[in-house]
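> Pasting a structure here, questions to come.
Where a number appears in this text, it was derived from the coordinates with a stated rule and is not lab data. Quick caveat: nothing in here was measured; it's all calculated off a predicted structure. Every residue, glycine among them, receives a Cβ derived from its backbone with ideal geometry; neighbour counts consider all protein chains shown.
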Amino acid sequence: MRYTLIVAITFIASFVTSAVDARYLKYKDIHSSSDFIRSSCRACHAGSRMNRSITETCLQCHSNDMKLEKAEKKKLLSSDYRILRDILSADISEALGKTYNHPVGEARGVHNPFETMPEDDSRTPRHVECTDCHNAHLMKKERPYAGIIGVGKGGMTGVQAVKEYEVCFRCHSDSMNLPVSQTNKREEFDEDNASFHPVVTEGKSTLVPSLIRPYRERAIDDGDISIIKCSNCHNNDDKNRAQGPHGSKYQFILSDNYSLQDDVDERPYRYELCYRCHKRSSILSDVTNFTHSLHIKGDILTNRRGTSCYTCHDAHGSKEYTHLIKFNEDVVFRNPSTGEFSFTDKGDFTGECSLMCHGSVHNPKSY
Ligand code: HEC
Ligand code: HEC
Ligand code: HEC
Ligand code: HEC
Ligand code: HEC
Ligand code: HEC
Ligand code: HEC
């Protein structure tokens with residue numbers, strides 16, 4: 001009975017698409033594990049089509065305990081599923097319900113499994129489904145992105161995704177329909193840039209004294225982490241619930257609080273995201289000679305308040321300058337007499353700025 005069903009589904013689908021991929025039958029992947037999922041195909045399919053939207057299909061099992069019991073009653077899951085409770089009770093619908101989220105399932109009928117990404121037409125509506133980031137047939141423990149056709153670091157399309165960023169670049173790099181508030185992430189993390197956070201490859205700097213272990217400029221000892229992922233910063237704000245960039249209470253789906261504001265007091269919570277990997281006491285004690293403390297905390301004598309990391313740094317990368325320097329142009333302006341607007345790296349822990357900020361003309365100012 002089960003065999004006939006498989007053959008029937010595959011036959012009908014291949015008839016329709018002619019490109020159907022039988023690869024998933026060869027692998028013992030997560031969703032074909034009959035230990036937990038009974039009648040694998042029927043759990044998600046009714047006949048040759050999805051019996052409900054993709055989101056609803058997935059949330060039958062990746063939602064709360066009540067849904068799980070229902071799925072067991074409907075004989076989608078075997079009773080052994082309880083062993084996997086911590087995986088299955090990672091409540092994705094709760095995460096997606098947070099204020100800042102991936103709008104999964106909102107653009108209905110736009111996604112199709114054979115689409116080419118990034119979008120090459122600016123009129124194509126933006127969309128995102130669970131299956132844009134997870135391939136239900138092919139994903140495996142050791143290759144969670146197996147089956148996702150991603151975009152490589154050089155902009156190459158059609159890449160079988162291995163790294164998480166190759167999945168993200170499908171929609172956050174060269175898409176012609178990027179919202180105006182967004183920039184091309186592939187370009188920001190490009191290895192030829194003057195600096196970048198080490199997502200695609202190890203960073204340019206070998207001297208980042210504020211780093212908190214296990215984060216390190218280069219991986220030398222066992223356990224050192226010199227490459228980070230988008231989801232190290234874009235993740236659920238709740239570390240005990242479903243992990244992944246599904247949703248967060250913080251803007252930009254950030255895992256921790258990060259204020260972009262100028263003219264504020266410094267508090268650990270304000271720059272919590274950065275202080276998770278960069279020791280606050282190190283940053284504020286000016287170990288690089290640069291007057292971080294004065295800029296971030298402000299100056300009681302002149303009655304000036306501080307400014308955000310965002311005023312000087314880009315959390316992704318900087319084409320032009322080392323040390324992730326990219327000025328926030330709402331706060332930092334050209335030097336009014338020379339018209340200059342620049343940072344110059346003069347070697348380890350020395351540099352100078354020519355610009356104007358908070359009315360202070362840097363003509364230039366060096367450290
Ligand atoms: C965990 C849920 C799940 C299970 C189990 C599952 N599928 Fe799918 N299947 C999907 C989803 C979701 C899509 C749509 C993929 C997309 O839109 O990117 C799909 C698409 C398909 C397609 C269309 C083309 C393609 O490859 O994307 C075929 C054919 C198919 N499934 C056959 C099967 C067969 C046969 C089985 C049993 C061996 C099976 N599926 C088990 C979720 C599942
Ligand atoms: C019938 C229940 C069921 C449905 C429907 C289902 N899953 Fe799963 N899913 C499971 C089970 C069971 C596991 C764990 C398997 C294991 O660890 O061996 C799992 C694991 C996963 C994992 C890996 C989690 C981890 O921590 O490694 C992801 C991601 C996932 N599913 C996504 C999806 C998506 C996307 C869909 C919809 C296309 C979907 N699932 C539909 C039962 C289901
Ligand atoms: C924008 C891409 C994206 C979308 C859309 C997405 N996920 Fe995820 N998901 C991820 C990433 C990345 C991770 C892994 C995070 C990590 O490495 O810890 C993840 C993790 C998971 C996990 C494991 C959670 C845990 O705590 O271990 C499950 C289950 C899951 N996703 C299911 C889903 C389902 C179901 C949907 C649709 C309702 C969905 N995801 C939509 C990117 C996505
Ligand atoms: C299939 C397309 C798709 C994929 C793949 C995808 N996203 Fe998104 N993402 C979207 C859409 C659609 C939005 C809503 C805003 C928009 O249109 O960009 C969004 C929003 C975001 C936002 C919030 C942007 C803002 O302005 O507040 C972040 C951050 C984000 N995604 C990160 C990621 C990360 C990290 C990955 C990889 C794990 C990823 N995305 C993969 C489509 C995608
Ligand atoms: C070190 C932390 C960090 C990492 C790693 C990171 N981001 Fe971000 N991201 C941020 C912060 C902080 C913001 C909000 C401020 C800003 O826009 O610069 C942001 C904003 C965004 C936005 C919305 C605004 C914009 O700039 O377009 C998107 C989309 C996004 N990130 C995607 C990604 C993707 C995709 C990756 C991985 C390839 C990634 N991010 C890696 C911290 C990070
Ligand atoms: C998940 C950990 C992580 C988080 C979160 C993080 N960083 Fe980093 N950061 C790193 C690592 C690893 C390096 C080392 C890269 C290198 O060696 O070039 C680094 C390097 C840097 C550098 C020096 C780059 C250079 O080329 O000199 C700056 C500046 C920086 N981070 C700022 C920030 C800011 C601002 C935030 C908050 C928005 C932040 N970081 C959040 C891990 C992190
Ligand atoms: C007024 C501009 C400015 C502000 C605001 C600023 N930085 Fe920096 N930051 C710099 C400059 C310039 C350097 C390069 C110093 C050098 O030459 O090594 C730097 C270097 C760094 C480094 C690499 C060296 C190290 O100490 O590990 C990190 C990490 C860093 N900043 C994090 C932050 C964080 C986190 C914040 C916010 C809490 C912040 N910065 C606010 C200008 C700024």
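> Which aspartates and glutamates have a Cα lying under 19 Å from the Cα of LYS346, excluding residues fewer than 8 positions away in the same chain?
ASP286, GLU320
> Right, something else. Per residue of segment 97-109, what does 6.51 cos²θ - 1.76 cosθ + 1.60 with θ = phi - 60° give for ³J(HN,Hα)? Whole Hz please, x for Gly and Pro, Karplus curve as stated.
Karplus values, whole Hz, x for Gly and Pro: x, 6, 3, 10, 8, 7, x, 5, x, 6, 8, 6, x.
> In the chain, what is the volume of the convex hull around the alpha carbon atoms, normalised per residue and reported in Å³?
On the way: hull volume 59.1 nm³, N = 367.
Residue-normalised Cα hull volume stands at 161 Å³.
> Non-local amide H neighbours of HIS362 (under 5 Å, H modeled in plane, Pro and chain starts lacking H): which ones?
Under 5 Å from the amide H of HIS362: LEU355, MET356, CYS357.
> What is the ratio of the Cα radius of gyration of segment 45-141 to 2.2 N^0.38 Å, with N the residue count, to two decimals?
Segment 45-141 yields a ratio of 1.21.
> Let me ask something additional. How large is ³J(HN,Hα) for each residue in segment 149-155, as worked out from phi by the Karplus curve 6.51 cos²θ - 1.76 cosθ + 1.60 (θ = phi - 60°), to whole Hz, x for Gly and Pro?
Listing the rounded values in order: 8, x, 10, x, 5, x, x Hz.
> Restricting things to alpha carbons, tell me how big segment 189-366 is in terms of Rg and Dmax, in Å.
When restricted to Cα atoms, segment 189-366 yields Rg and Dmax of 16.8, 53 Å.
> What relative contact order, as a whole-number percentage, does the chain give when Cα pairs under 8 Å and 6 or more residues apart are counted? Before the final figure, lay out each step's value.
Details: 647 pairs, mean separation 40.1, N = 367.
Normalised by residue count, the contact order of the chain is 11 percent.
> Near LYS98, within a Cβ-to-Cβ distance under 12 Å, what is the net charge of the other residues, with Lys and Arg +1 and Asp and Glu -1? The partial results should precede the final answer.
Numbers: positive: ARG241, LYS249; negative: ASP91, GLU94, ASP237, ASP238.
Neighbourhood net charge equals -2.
> Follow-up. If N is the number of residues in segment 104-185, what value comes out of its Cα radius of gyration divided by 2.2 N^0.38 Å?
Numbers: Rg = 12.3 Å, N = 82, 2.2 N^0.38 = 11.7 Å.
Dividing the Cα radius of gyration by 2.2 N^0.38 Å gives 1.05.
> Could you pull out every residue, at least 5 positions away or on a different chain, whose amide H is within less than 5 Å of the one on ASN236? Hs are placed 1.01 Å off N in the peptide plane, and Pro or chain starts have none.
Here GLY244, HIS246, GLY247 satisfy the definition.
> With runs of 4+ DSSP H residues as the only contributors, calculate the mean residue ellipticity of the chain at 222 nm using -39,500 (n - 2.57) per run, divided by the residue total and rounded to the nearest 500. Before the final figure, lay out the partial values.
Working: 13 runs with 81 residues, N = 367.
One gets -5000 deg cm²/dmol as the mean residue ellipticity at 222 nm.
> Return the long-range amide H neighbours of GLN160 (sequence gap of 5 or more, or a different chain), with a cut-off of under 5 Å between placed amide H atoms.
GLY150
> A follow-up question, please. For the ranges 292-302, 128-138, 188-198, what's the packing order if you count other beta-carbon atoms within 10 Å of each residue, average per peptide, and put the highest first?
Numbers: 292-302: 14.8, 128-138: 20.9, 188-198: 17.9.
Packing order, densest peptide first, comes out as 128-138, 188-198, 292-302.
> May I ask you to derive the relative contact order of segment 131-185, considering only C-alpha pairs under 8 Å and at least 6 residues apart, and to give it as an integer percent?
24
> My understanding is that a pair violates if its Cα-Cα distance is over 31 Å; which of LYS140/LYS185; LYS249/LYS279; LYS153/LYS365; LYS239/LYS297 do that in this structure?
Correct reply: LYS153/LYS365.
> Just grab the label-to-label distance for ILE220 and GLN160, each label 7 Å out from Cα along the Cβ direction, in nm (one decimal).
Rounded to a tenth, the inter-label distance reads 3.7 nm.
> Calculate one ³J(HN,Hα) per residue across segment 60-65 by plugging θ = phi - 60° into the Karplus curve 6.51 cos²θ - 1.76 cosθ + 1.60, and present them in order as whole Hz with x for glycine and proline.
Each residue of segment 60-65 in turn: 4, 10, 10, 10, 8, 4 Hz.
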